[in-house]
1. Across segment 22-45, which residue is nearest to Val158 (Cα to Cα) among those that are in contact with a helix residue (DSSP H, G or I) (Cβ under 8 Å, 6 or more places away or on another chain) and crowded, with 17+ Cβ neighbours inside 10 Å?
2. Just wondering, is there one or more residues in segment 319-339 that are among the aromatic types (Phe, Trp, Tyr), under 16 Å from the mean Cα position of the chain (by Cα), crowded, with 17+ Cβ neighbours inside 10 Å and not in a loop (DSSP other than H, G, I, E, B)?
3. Out of (1) in a helix (DSSP H, G or I); (2) at pLDDT below 90, the odd one out for Ala200 is which?
4. Given the conditions (1) exposed (fewer than 14 other Cβ atoms within 10 Å of the Cβ); (2) farther than 16 Å from Leu174 by Cβ, report the number of the one that Tyr115 does not fulfil.
5. Please give the number of the condition Phe195 fails out of (1) within 20 Å of Arg45 (Cβ to Cβ); (2) more than 23 Å from the chain's Cα centre (by Cα); (3) touching a residue at least 60 places away in the same chain (Cβ under 8 Å).
6. Can you report the number of residues in segment 251-265 which are under 20 Å from Trp437 (Cβ atoms) and of a type in the set (A, V, I, L, M)?
7. Might you check whether a residue that is more than 22 Å from Leu267 (Cα to Cα), at pLDDT 90 or above and touching a Phe, Trp or Tyr at 6+ places or on another chain (Cβ under 7 Å) occurs anywhere in segment 474-485?
8. Taking the conditions exactly as written (assigned by TED's automatic domain parsing to the domain that holds His90, assigned to a helix (DSSP H, G or I) and in contact (Cβ under 8 Å) with a residue 12 or more places away in the chain), does Phe190 satisfy them or not?
Amino acid sequence: MVNKILHFLIDWLPYHPQQPLLFTRPSFWIFFVVVLAVFCLLYKRTFWRNNWLFLTSIFFYYKSSGLFVSLLVLSIAINFLLGNRIAKSHKLLQKRSWVALSVVYNLSWLIYFKYTYFFSGLLNHWFGTHFEVHDWLLLGVNQVWGSHFDASMIILPVGISFYTFQIISYIIDLYRKQVEPIKNIFDFGFYVTFFPQLVAGPIVRASSFVPQMYTGFRLHTDEFGQGLFLILNGLIKKIIIADYISINFVDRVFDNPLSYSGFENLLAVYGYSIQIYCDFSGYTDIAIGLALWMGFRLQLNFNSPYRAANITDFWRRWHISLSSWLKDYLYIPLGGNRKGKIRTYVNLFLTMLLGGLWHGANLRFVIWGALHGLYLAVHKLWLSLFPKLEARFRILRMAITFHLVTFTWMAFRARSMESVRQMCDQMVHHFKGSFAWEIIQAYQLVVSLILLAFIVHWLPIKWKDWYRGKFVLLPLWLKITGTVLVIFMLVQFTTAGLQPFIYFQF
């Protein structure tokens, strides 16, 4: 028995690129049980609790991204030192210099790993050059250490966009004196790497998280139930809805739109709209639930975004941690709405353009961001021209907003803008609405899941609060029974295959 356990650990502990620690894999839950077991022994001692969670978070990132964990550790060390220099500097110029150095350092890694191909491609296209991209970092490592890593292409570290933005928010808030400096490098590392939200958010602000690091553990019985509800809800969103409709319909249509009718293309667009919501909000539901079980309260990251009655409201509900980050660290520094209407429109457009580029180094994401920037600017203009209409026709405004957002998801998901053109062409010229019922019957389960997901999403908030509250108040044995039933359903749907979370690529 002991030999079997040792053999399992020897095989499991190293990083396997094809088997990252995902919330949807049994291996993660084994990992979490071990983490929680030791946590239960240490939770009354904040120093040991924090360091245990820091070490396990580093291991979690290693299992998710391999040797890129060294880059994360380096970023922690350098930004901790720079943060201390900012806190100790008394001259404004010195403070700004340290801030600039930190921002440049962090963005340099992000640009190198995420945008090298994008910018080299633009240079080659515009100037007829022939730059070939190699991973110069790995080439240097190979030369120094005599290793033989494949340097033919640059691989994007998992979650680099999220932890980079989190670190930058800390540095800027420190400069603005909105937070106190974290004096212990291990505590700073824990803030940056807390594993539930490390690789796909939400982006956590130091002002809300750091005080919890030094507070004694507390978890009410109701909060345990809320955490369990969030975890189960997130797994259902991800595995039963997002993964199933992705594998069995949405991916097929987006990857080859000309092979499907316009009606199927339209159905796939609606399907992707709910897929990306269930995928990303499912991840953050699980992350918030796991964190809550360990006594840490993370901010809400999604608030029924497709119930938004205008595009501004949508961005108050969708990926709240990112939209608030873009507002506080990009839109407001650009001038916000303080420099006239025209400048406000330009600032909105630029903010969302860069927000689109944050999502991916591809023209599709730039177009996606530009469209949202245009939507926001037009909505601001609409408010100034027809302020009284904003309080009327809510259902109509919700429908318009939903379809505007859904239209932009095409650019977000498609392989290329040519694919987007093909999908639009199919919907306009080859819709084949007369075959709609046959198509629906052919994809009965997929269509049923899409409809069910939208119906639940559009339920009144008080209804959702009611059934969540009822679950929280259930006796423990009923919670366990419900959990077993959900796990049974999840196992049935995992036969369709597990997909990485969409936002892992960002």
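1. Leu22
2. yes
3. (1)
4. (1)
5. The one condition Phe195 does not meet is (2).
6. Residues that pass the stated criteria total 1.
7. No, segment 474-485 has no match at all.
8. Here the answer is yes, as Phe190 does meet what is asked.
The values are calculated or read from the model by the stated rules, or taken from the named source; none is laboratory data. Note that this is a predicted model, so its numbers are computed, not measured. Using ideal geometry, Cβ is built from the backbone for each residue, glycine included, and neighbour counts are taken over all protein chains shown.
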